[in-house]
Structure formats: structure tokens, C-alpha cells
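Report on the structure given below.
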Amino acid sequence: MTNGRSAAAIMGLLVAVGLALAGWFVAQAATTLRGADRVVEVKGLAEREVPADLALWSLAYTTTADDLETLQQRLRADGDAITGFLRGRGFTAGQITRAPPNINDRQGYGQQDAERYQAQAVVLLRSEDVDAVREAQQDSQELVAAGVSLNRNYEYPTEYLFTSLNAIKPEMIAEATRSARDAAEQFAEDSGAEVGGIRRARQGYFSIEDRDRLSPHIKRVRVVTTVEFFLKD
């Protein structure tokens, strides 16, 4: 009988302990739930305009001749003229590249009055001196006056790039985070609370675009961050 009573007492004690632990876990879950409710998620924006730091200028030109030997001579002469024009403005040989020409035999296309062969070629200039490239573009009519048949290159338009994103990333992320905190503080003020620490933050994608169609050498860099802040009473 005594053993039965002891077993019952032990069983009762275990049940009591189990109920107490269950109550504690429920209380902890409720506390966690209440903490999760005291969080605000906001977005922060950082934008800035920066000058491009790399220019890619493709100078496309066309040459014609009735035989391939003459065509080759004219291609070389026009290419040399373009290279000389660029070197005369301070660009180095390492910044200038000549692409292989595209030669078209026009015989049989009904162009009786035209020279048989037409060649299209490109001289590519790659320079970090963007201002010097833009000045050279304004003077490119000198090549036309010298007999070089320049044409607009739709396949390889002039590109202006910004390659120094890593140099401004930390400042922009900090600026976007401050913007997010400002938004959180406004929300907290409206709801009678205070902003606490950061619970979670997600950095958005950095985008680099032309400021506008007429200013491709000026870039707009933009990033949006998503931040969750704790709120305090």
C-alpha cells in the first residue's frame, strides 16, 4: 500500500512539474509573440549622381574599291587617319584597338555605278579620360573633312560607364539605413513608440543608369534597403 501511495505521489509531482513547464513555455511564446508585434519594417533610399569614369568610343568608317588590294590600302589609310587623330589628342596606342573589317562584295546586287567592294571597319577607343573623349567627339568632323567616311554605329554606340561603385557603396548603404531609420521614427512617433535597434536588414540591388538621354556621361546610382527595427514603448 505504501508503495502505491509513493508511486501516486511521484506521478502527481511529475504532472505538476509538467504543467509548470508547459505554462512557462506558453508564457515565453506569448512574450516572443508580443516582441514580434513590436517590429516595424521600412525601406530606405540612397541616390547620388556621379560622373562616368570610363568611355568606350567606336569610330566606324566605310571604304569602297573595285579590287581588294585597293580596298585594303584605303582601309589602312583611313584607319591610320583615325588613329593619328586620336593620338594627336593625347590618347595612347594601348587605348586604341582596330577591329577586323567586314567586307561586302556588291557584284550582282544591281549596283552598276558603285565600286564592287565595300568594307566597314571600327576603331575602338577605351579611355578613363571621359572629358577628353567627349571633346574629341566634337572635333571628329576633322576626319570627315580629311576624307574619312565616318558613319553612325548602331551596333556599338558610345558607352559611358561608372566602374567605381565599390568606393561609394559603404557611404550609400549607411545613407539608406539612415533614411530607413527616419521613416521608422516617423512611424513610431505617430504610434506613440520609440525606435530601438535593428532586428534585420536587407541590402537592395545597386542600379546605375544614365541621368537622362542627353547626359549619358552622368550616372544616377540608386539603392534601396529594407530594415526591420524594434519598437519600444
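The values are calculated or read from the model by the stated rules, or taken from the named source; none is laboratory data. Computed from a predicted structure; not experimentally measured. Positions of Cβ are generated from backbone atoms using ideal geometry, with glycine treated the same way; all protein chains shown enter the neighbour counts. Protein only, heavy atoms only, side chains kept; ligands, DNA and RNA dropped before computing areas. Shrake-Rupley method; radii C 1.70, N 1.55, O 1.52, S 1.80 Å.
Contact map, region 97-113: residues that are of a type in the set (D, E, K, R) paired with residues that are modelled with pLDDT under 85, Cβ distance under 8 Å, separation 6+ or inter-chain. Pairs shown: Arg106/Ala114.
Filtering Tyr160, Tyr156 for residues that are assigned to a strand (DSSP E or B), surrounded by 14 or more Cβ atoms within 10 Å (Cβ to Cβ) and among the aromatic types (Phe, Trp, Tyr) leaves a single hit, Tyr160.
Screening Ala7, Ala29, Ala93 for residues that are modelled with pLDDT under 50 and either open to solvent by 30 Å² or more (accessible area, probe 1.4 Å) or under 30 Å from Pro170 (Cα atoms) (or both) leaves exactly one candidate, Ala29. From the list Asp78, Asp131, the lone residue that is charged (D, E, K, R), open to solvent by less than 80 Å² (accessible area, probe 1.4 Å) and either part of a loop (DSSP other than H, G, I, E, B) or over 30 Å from Ala174 (Cα atoms) (or both) is Asp78.
Of the residues making up region 144-153, those that are open to solvent by 60 Å² or more (accessible area, probe 1.4 Å) and either hydroxyl-bearing (Ser, Thr, Tyr) or free of Cβ contacts under 8 Å to residues at least 60 places away in the same chain (or both) are Val144, Ala145. Checked against the criterion of being at pLDDT 95 or above, of a type in the set (Lys, Arg) and farther than 30 Å from Ala167 by Cβ, the candidates Arg76, Arg106 yield just one match: Arg76. Every test in (1) within 35 Å of the chain's Cα centre (by Cα); (2) farther than 30 Å from Ile198 by Cβ; (3) aliphatic (A, V, I, L, M); (4) open to solvent by less than 60 Å² (accessible area, probe 1.4 Å) is passed by Val39 save one, and that test is (2).
Could you please let me know if Glu135 is over 15 Å from Gln95 (Cα atoms) and of a type in the set (Asp, Glu)? It is true that Glu135 is over 15 Å from Gln95 (Cα atoms) and of a type in the set (Asp, Glu). Taking the listed residues Arg220, Arg202, Arg211, Arg178, the one that is more than 21 Å from Asp53 (Cβ to Cβ) and under 18 Å from the mean Cα position of the chain (by Cα) is Arg202, with no other qualifying. The set of residues in region 177-213 being among the charged types (D, E, K, R) and part of a strand (DSSP E or B) consists of Glu194, Arg199, Arg200, Arg202, Glu209, Asp210. Selection of region 42-75 for residues being of a type outside the set (S, T, N, Q), in contact with a Lys or Arg (Cβ under 7 Å, 6 or more places away or on another chain) and either closer than 19 Å to Asn104 by Cα or open to solvent by 40 Å² or more (accessible area, probe 1.4 Å) (or both) yields Glu47, Glu49, Ala65, Asp66. Among the residues of region 181-216, the ones that are open to solvent by less than 100 Å² (accessible area, probe 1.4 Å), closer than 30 Å to Tyr160 by Cβ and out of contact with any Ser or Thr (no Cβ under 9 Å at 6 or more places or on another chain) come to 7 in all. Annotation: Arg222 fulfils all but one of (1) surrounded by 15 or more Cβ atoms within 10 Å (Cβ to Cβ); (2) within 18 Å of Glu41 (Cα to Cα); the unmet one is (2).
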